[in-house]
Each structure stands twice: as structure tokens, then as C-alpha cells.
């Protein structure tokens, strides 16, 4: 039998497994599906048409899957939020569902969304993402696996962070941040690569050296993007991580951050 506080308000269409805990004054709207082992602290809210995987923990005053903050949103239409397993959503965290009919906001597994962080409508957030207090990502952003978005930082709508990228505290970006790189400032550029994260995640010395070479070529030599790509393709071993970086840059529609003085068009 699920452990549900008598003051919780739960729509009868919600699917609640027997091992879920729901605290006082929590609100669960219609067509919500919770996975096994979830724990919802008192006074959190789960919006309609939200599917949450197993083992998630949602703290007080978090609002997950609620209406998007978008002038064009039509409340008569149905949109969705889908969340994986084993995430933690701390106090005041907000996640908005998709804004267009049938659209989805997606979060992977193993993430840590600290107090007062925000994931806007139609974002795609990968696995093991960490968002530090007061950081946020605007609508339609893509955040790769193992990214770190530091405190008081944010992403403009439609932009991307590649896998294991880091956005430094207080930064604001409106250009793409490629995989493994560290972005800093207001489109201030790439200031290094995530060598600590790569070591902690077991990347080989060969791979780390290759990514260091990519960083030097792209962000320290002052080359334009096409020349930097050509140089990496001819001079750096084409390991999977190098190819991943190049594919990300080639797919950029809005340009990538530079190494020194703001954004650069791809």
C-alpha cells in the first residue's frame, strides 16, 4: 500500500504504485504516472500528463510538468512531460511540459536539479545532468549527458550543450557549447575543457590528450570554424569523442562559442 498523507490531493486518473510515498499537501493532477519507489515530499506539485520513472525524489514546492511559460500556450491542448529514473528535484525546482499540442519536455535519468532551478518547455535534458541553484534553461534547449550548469547561469532558447560540457557560474549563453568544453561569461567563450570530469568518468589518457588538442585548435589558435574542423580532421586521432565534437559543431545552426571574444558562426 502506497504511503500517502491524508491531506495530499490526487486526481483519480493518476497511476500510483504501491511503494510510493506522498507527503502532506502534495498535488498530483490528472493523467500522471509515477514509477516505483518515488518519494514526493509535502507541498510539491505534479502537473497533468506527466510520466515519472522509478526512484525519483521531489522536494517541497517543486512543480514538475506544469503549464509552460509561453504566451502561445493553449490550455485546451494536451502536451507532456517525461522523466527517467533516479532524479532529485530540490525545493522550488520547476519543469514545464511541452507548449505545442502533443509536444514533450524530456529529462533523462540520474539528474540532480538543485533548489530553484528551471527547465522550460520542450527541452531535452540528458542523463546525470546537474543544475546548481538559480540556473535555468529556456525553451527548446538540448543538454547532453553529464553536463554541469552552474549557479546563476542560463541558456537562451533553442541552444545546445554537448555531452560533459560545463557552464560556469553566472554565465549566460546564446550560442552552442560543444561537448567536453567549459563555457564562461555572457557568451564569453570557451575557457578550457572538462579534464576533471573526463578523468572521473574513466576516459583514457589518449582520449583526454585528443580532446585537449581539439580545444587548442578550436579555441586558442583564432581559426574560423571550417579551418579548425579541417585541422582537427587531419591532425588529431579520430577517436569517437573527437568525432562527437566535430559532429556537434557541424550540426550547429546558431554558431558555437569561441575561445576569447564571444560567439562564432559555424
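The values are calculated or read from the model by the stated rules, or taken from the named source; none is laboratory data. Since the structure is predicted, the reported quantities are computational estimates derived from the model, not experimental observations. Cβ: placed from backbone, ideal geometry, glycine included. Neighbour counts: every protein chain shown.
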Checklist entry - Within segment 172-181, is even one residue out of contact with any helix residue (DSSP H, G or I) (no Cβ under 8 Å at 6 or more places or on another chain), without any contact (Cβ under 8 Å) to a residue 24 or more places away in the chain and in a loop (DSSP other than H, G, I, E, B)? => result no
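Yes or no, residue by residue, for (1) under 19 Å from the mean Cα position of the chain (by Cα); (2) crowded, with 16+ Cβ neighbours inside 10 Å:
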{"position": "18", "(1), (2)": "no, no"}
{"position": "61", "(1), (2)": "no, yes"}
{"position": "68", "(1), (2)": "yes, yes"}
{"position": "81", "(1), (2)": "yes, yes"}
Item to check | Complete set of residues in segment 98-122 that are part of a loop (DSSP other than H, G, I, E, B) and within 19 Å of residue 144 (Cα to Cα) | outcome: 98, 108, 109, 110, 111, 114, 117, 120, 121, 122
Item to check | Residues located in segment 174-185, provided they are surrounded by fewer than 24 Cβ atoms within 10 Å (Cβ to Cβ) and closer than 15 Å to residue 142 by Cα | outcome: 174, 175
Checklist entry - On the given criteria, is residue 43 buried (at least 17 other Cβ atoms within 10 Å of the Cβ), in a loop (DSSP other than H, G, I, E, B) and at pLDDT 95 or above? => result yes
Next on the checklist: For segment 123-137, give me the residue count where each residue is part of a loop (DSSP other than H, G, I, E, B) and either in contact with a strand residue (DSSP E or B) (Cβ under 6 Å, 6 or more places away or on another chain) or under 14 Å from residue 83 (Cβ atoms) (or both).
Outcome noted: 6
Checklist entry - In segment 192-201, what count of residues is obtained for those that are surrounded by fewer than 23 Cβ atoms within 10 Å (Cβ to Cβ), without any contact (Cβ under 8 Å) to a residue 40 or more places away in the chain and in contact with a strand residue (DSSP E or B) (Cβ under 8 Å, 6 or more places away or on another chain)? => result 1
Checklist entry - Only one residue in 202, 262 is modelled with pLDDT under 95 and under 27 Å from the mean Cα position of the chain (by Cα). Which one? => result 262
Checklist entry - Does residue 56 meet the test of being within 14 Å of residue 89 (Cα to Cα) and either surrounded by 17 or more Cβ atoms within 10 Å (Cβ to Cβ) or modelled with pLDDT of 95 or more (or both)? => result yes
Checklist outcome for this item: Pairs returned, first residue in segment 147-168 that is in contact (Cβ under 8 Å) with a residue 60 or more places away in the chain, second residue that is surrounded by fewer than 24 Cβ atoms within 10 Å (Cβ to Cβ) and part of a strand (DSSP E or B), beta-carbon separation under 6 angstrom, 6 or more apart or interchain, are 160/142
Next on the checklist: Can you pull out every residue in segment 239-254 that is part of a loop (DSSP other than H, G, I, E, B) and either touching a helix residue (DSSP H, G or I) at 6+ places or on another chain (Cβ under 8 Å) or loosely packed, with under 12 Cβ neighbours inside 10 Å (or both)?
Outcome noted: 239, 251, 253
Item to check | Where a residue in segment 229-252 is free of Cβ contacts under 8 Å to residues at least 24 places away in the same chain and its partner, wherever it lies, is crowded, with 17+ Cβ neighbours inside 10 Å, with Cβ under 6 Å and at least six apart | outcome: 231/217; 232/214; 232/217
Checklist entry - Based on what the data block shows, is residue 157 over 24 Å from residue 215 (Cβ atoms) and out of contact with any helix residue (DSSP H, G or I) (no Cβ under 6 Å at 6 or more places or on another chain)? => result yes
